[in-house]
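Engineer: Have a look at this one.
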Amino acid sequence: MFYTCLMTFVRPLLISLLIFLLNITNLAADLEYFRLASEPLIRIGLSTNASSVSITTNDSSLVAVSPDEPARMLATARVTVSARAYRPDEVENYRIEFQDIPTQNDANTLARDIREATGETALSSLDPASNTWKVWVGTVKESIIEADELKEKLAEKGFEDAVVVTEKRTVISDDARALSQQLKTDGVSEVRSLIRPTGSSKPSTSEPIASNLREVIVSGTSEAARYSSLKSVAFGSLNERAHPVRMNGKAYRGKIEVFVNSRGSLTVVNVVPLEDYLLGVVPAELGLPELEAQKAQAVAARTYAVANIGTYGKQGFDMVPTVYSQVYKGVSIETKMGTLAVQQTRGIVATYQGKPIMAYFTSTCGGRTESGANIFDNDQPYLQGVECSLEGRRHFEPFLIKTNRQPAKLRDDGNLELVRLMSVYASNGFQLATPQMSDDWFDDVPSDVEVANWLGNVAGKFGKAGPQPMRDQATPIALARTLSSFVYPPGYADTMLTESDIDYQLAFDDAAEIPKERRADFALLLRDGYFSIHPDLTLKPGRPFTRGRLLRLINQIYEKKKWTSQMLVGTTKASVGGKLVLRTGKTERQLVIRPDVFLFREFGSTMYPVREAALVGGETVNYQLDALGAVKYLEIKPSVSPTVAENMSPFTFWNTSLSAGQVQSRLSRYVRGIGTLYDLNVKKVGYSRRAIELEIIGSNGTKILKGGKIRSALRLREQLFVINKRYSGSAVAAYTFTGRGWGHGVGMCQYGAFGLAKMGVKFDEIIRHYYKGSDLTKMY
């Protein structure tokens, strides 16, 4: 059986039941608990002005049902449904007459003789058309056979001139009378088909029939599929789960109900169990691939549906399949994840003090949601503005990458670059003999082992053997001898430079302290950029280099030879499991990060060593890999993109430019009497910084536009915006609206829910985050 014809008559009963259930009070806790005895049916108005619709199924036959009627097997898989003016049935009745009798006396005599001979009634009367008399014999017969039988009976008794008279008459059906009565008592209802079960009572025959009654016409290839009805007609399949019924080719679960509306056209309603309805809502509203986000959407959509039962009651349904209710696309949009989300949250709704909440949701909130009072004039404790992110550090924990290295401890800004240089070289084979770099460490003389290692790396670049550890290897004299052996052939400096050449290159304060046998080496190294002196124009040939000074010298050589380590460059997506995730076209690449990675993050324009950093997506990174493909060195330039949970939305930022004339034209539909528009200003903002009062200055004075009408009037994506004005002389010529987000900004942010789910937040916490103070209740 179908249970689809829940129309205007039963809708108040259902709403009353819901109200009754909402008011059941728990005396101990002084809270109301919402429960339903079973899963409700939801009525979705698919079309409200159709001239005809095609109803089909892939099953063997459609099944149709109307109030107070058994199901009809239509014996066809396709019908067309339309409407036409009501046509009452026309029936033929038959009576026996003797006609053209000259006088009343003759007619009375004949009537008496017939009564005596046959026992039938016989009445005489004047026929005004012919001004003769006639005798009517017996009762009106419903068939010609009965009439002929009476005529033969009369002939047998000698009355052979009888005539069979055929009469046609219109029969007003009980349905027409019942529908007329329904229209008289249903007030504002726009439904014009009979939807009220009449039971065994008969409608009054004394009441006049309503004018302009129209009936539903069902047309199919089989005899059973060709009929008309003043009642609503609901269509389904024999196996609705396997073969959903289709309206104009689009499949829907549940039934497709058709009835006539006040315009005389057809209203088409999908009557569907709530959970099946959600299968076509969740992927349409939030198709992003995170189960917990889709579960949150399922709860929000279920709650919204329950709270809005009867919203379009006078039109015969609850909601529409668009953004004016919530987007519903039937079977075609269903997905495996969406179905799982609905199944795993079956019956769960969000409640506040025991009542289902008005669960508004918005695509992209722009980083903060807004109070319902400021947009919809609906001031509810659970519809207050919130940040589209978790509190404090917790928001970034899922995206953190960490190193077990201790960040450098510095006082001298100049040593920041040394930390970066040492980290780069250490990640490429240079010995780092301290767990934590510091000012003092850079100012100290390196150990003999360190010097041998560092110079050994330099030697390798020149294709030479590295030196063995030895004392005083870090003095300028020793370093010059070693470096000269890397750069030049033996005897090269002494051969190629004259004494005047040497003096020319060694024109600094303490050049005389350089031993004679090393002067040529120093002169050639300085000339070719492989050595340096102190800022005070001294060499201090006997004083060992500090680590910092030696590191700078090595870097000087590497830069001259173009040996500095080349960095790989990339743009990140949000980190997953502590890995570096890089965008590669439309795909992504995940890289393991070593626990001892050298980690830097930019603040201002300077890189600082850090213990951890969040990769939320959009950061530019410079990095190096080890032989196994793991990240050994990483520099992070922070993203300029938003860091809120919705940051993956393509609607995060937008710009719309309008001329003053365009702005005036749009506003004039919502605000009367502006005159010539002079200026436009945001007068007041809400918690989220959305414009909630717009000052409109025109030649007729100042007007104020408030709430959600601002976005509707200006036809902008959002009303979270700032205004930039372009002037022509003293007059505003154009307005540029720069904003964030898409939607009304109240309730759950759908892209934010997706972002939170990617961070590991479960659906129940997502719901409670956006609907503050709400609870989750299993209503059936």
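The values are calculated or read from the model by the stated rules, or taken from the named source; none is laboratory data. The structure presented is a predicted model; accordingly, all values stated were derived computationally and were not measured. Quick reminder, even Gly has a Cβ in these numbers, built from the backbone with ideal geometry, and neighbours come from all protein chains shown. All accessible areas refer to the heavy atoms of the entire protein, side chains included, with ligands and DNA or RNA removed. Shrake-Rupley method; radii C 1.70, N 1.55, O 1.52, S 1.80 Å.
Engineer: Would you mind working out the magnitude of the charge dipole of the range 248-322 relative to its Cα centre, with +1 at each Lys and Arg C-beta and -1 at each Asp and Glu C-beta, to the nearest 20 Debye?
Structural biologist: Numbers: 7 positive and 7 negative charges, 67 e Å.
Dipole magnitude for the range 248-322 comes out near 320 debye.
Engineer: Continuing with this model, one more query. In terms of modelled amide H atoms, which long-range or inter-chain residues lie less than 5 Å from the amide H of Trp742?
Structural biologist: Here Thr364, Cys365, Gly366 satisfy the definition.
Engineer: Using 0.36 nm per residue, how much length does the chain from Arg481 to Leu568 gain when fully extended, once their Cα-Cα distance is taken away? The partial results should precede the final answer.
Structural biologist: Working: separation 87, 0.36 × 87 = 31.32 nm, distance 3.55 nm.
That works out to 27.8 nm of additional length.
Engineer: Here is a follow-up. According to a simple spin-label model (label point 7 Å from Cα along Cα-to-Cβ), what is the distance in nm between Ala627 and Met470?
Structural biologist: Roughly 3.0 nm, to one decimal.
Engineer: Let me ask something additional. I'd like the Karplus ³J(HN,Hα) series for the range 513-529: coefficients 6.51, -1.76, 1.60, θ = phi - 60°, whole numbers in Hz, and an x wherever there's a Gly or Pro.
Structural biologist: Using θ = phi - 60°, the values come out as 7, 7, x, 4, 6, 10, 4, 5, 4, 4, 4, 5, 5, 5, 4, 8, x Hz.
Engineer: OK, next. So, in nm, how far is label Ala75 from label Asp100 when the simple model puts each one 7 Å beyond its Cα toward the Cβ?
Structural biologist: 4.8
Engineer: At a Förster distance of 45 Å, what's the computed FRET efficiency of Ala224 paired with Glu120, Cβ-Cβ distance as r, to 0.05? Provide the component values of the computation, followed by the final result.
Structural biologist: Details: r = 41 Å, r/R0 = 0.92.
For Ala224 and Glu120, the calculated efficiency is 0.65.
Engineer: Tell me which lysines have Cα within less than 27 Å of Lys141's Cα, excluding those fewer than 8 residues away on the same chain?
Structural biologist: Lys151, Lys153, Lys157, Lys168, Lys202
Engineer: Dipole of the chain (Lys/Arg Cβ +1, Asp/Glu Cβ -1, origin at the Cα centre): which of Asn457, Asn404, Ala224 lies farthest to the positive side?
Structural biologist: The residue sitting most towards the positive pole is Asn457.
Engineer: Using the per-residue mean of other Cβ atoms lying within 10 Å as a proxy for protection, in what order, highest first, do the peptides 240-248, 163-171, 666-674 fall? Can you show the working numbers first?
Structural biologist: Numbers: 240-248: 17.8, 163-171: 11.0, 666-674: 15.0.
In descending order of packing, they fall as 240-248, 666-674, 163-171.
Engineer: I would also like to ask the following. Just to confirm a number: summing +1 for Lys and Arg and -1 for Asp and Glu over residues other than Asp528 whose beta-carbon lies under 14 angstrom from that of Asp528, what do you get?
Structural biologist: Values: positive: Arg527, Lys560, Lys561; negative: Asp501, Asp521, Glu559.
So the surrounding residues net to 0.
Engineer: Can you tell me which aspartates and glutamates have their Cα less than 14 Å from the Cα of Lys560? Leave out same-chain residues fewer than eight positions away.
Structural biologist: Within reach: Asp528.
Engineer: What is the percent carbon and sulfur in the accessible area of the chain, measuring with a 1.4 Å probe over the protein chains and ignoring ligands? Write down the numbers at each step before the final one.
Structural biologist: Numbers: 18260 of 36870 Å².
For the chain, the apolar C and S fraction of the accessible surface comes to 50 percent.
Engineer: Give the separation of the Cα centroids, the range 466-536 to the range 301-353, in Å.
Structural biologist: 83
Engineer: Separate question: Sorted by packing (mean other beta-carbon atoms within 10 Å per residue), highest first, where do 641-652, 228-239, 601-612 land? Can you show the working numbers first?
Structural biologist: Numbers: 641-652: 20.4, 228-239: 22.2, 601-612: 13.8.
The most tightly packed comes first, giving 228-239, 641-652, 601-612.
Engineer: Would you mind working out the magnitude of the charge dipole of the chain relative to its Cα centre, with +1 at each Lys and Arg C-beta and -1 at each Asp and Glu C-beta, to the nearest 20 Debye?
Structural biologist: Working: 93 positive and 84 negative charges, 373 e Å.
Computed about the Cα centre, the dipole is about 1800 debye.
Engineer: Counting only helical runs of four or more DSSP H residues, what would the 222 nm mean residue ellipticity of the chain come to if each run contributes -39,500 (n - 2.57) and the total is spread over all its residues? Before the final figure, lay out the partial values.
Structural biologist: Working: 21 runs with 206 residues, N = 780.
It comes out at -7500 deg cm²/dmol, rounded to the nearest 500.
Engineer: Determine the distance separating the Cα centre of the range 713-727 from the Cα centre of the range 551-614; give it in Å without decimals.
Structural biologist: 40
Engineer: Tell me the relative contact order for the range 689-733 as a rounded percent, counting alpha carbon contacts under 8 Å between residues six or more apart. Before the final figure, lay out the partial values.
Structural biologist: Details: 42 pairs, mean separation 14.1, N = 45.
This gives 31 percent for the range 689-733.
Engineer: Along the positive direction of the dipole of the range 504-632 (beta-carbon charges: Lys, Arg +1; Asp, Glu -1; about the Cα centre), which of Pro609, Gln566, Ser532 reaches farthest?
Structural biologist: Of Pro609, Gln566, Ser532, it is Gln566.
Engineer: Here's a follow-up. Please sort 145-154, 37-46 by packing, taking for each peptide the average over its residues of neighbouring beta carbons within 10 angstrom, highest first.
Structural biologist: 37-46, 145-154
Engineer: Which whole-number percentage describes the relative contact order of the range 523-652, with Cα contacts under 8 Å and a sequence gap of 6 or more?
Structural biologist: This gives 19 percent for the range 523-652.
Engineer: Excluding ligands, DNA and RNA, what is the solvent-accessible area per residue of the chain at a probe of 1.4 Å, expressed in Å²?
Structural biologist: Numbers: 36870 Å² over 780 residues.
That works out to 47 Å² per residue.
Engineer: Round to the nearest 0.05 the FRET efficiency obtained for Ser51 and Arg715 when R0 = 41 Å and r is the Cβ-Cβ distance.
Structural biologist: Working: r = 31 Å, r/R0 = 0.76.
The calculated FRET efficiency here is 0.85.
Engineer: Which pairs, out of Lys402/Lys772; Lys329/Lys709; Lys464/Lys561, put more than 22 Å between their alpha-carbon atoms? Let's see the in-between values first.
Structural biologist: On the way: Lys402/Lys772 33 Å; Lys329/Lys709 27 Å; Lys464/Lys561 15 Å.
With Cα atoms farther than 22 Å apart: Lys402/Lys772; Lys329/Lys709.
Engineer: What distance in nm lies between label points placed 7 Å from Cα along the C-beta direction at Phe653 and Thr676?
Structural biologist: It is 3.7 nm.
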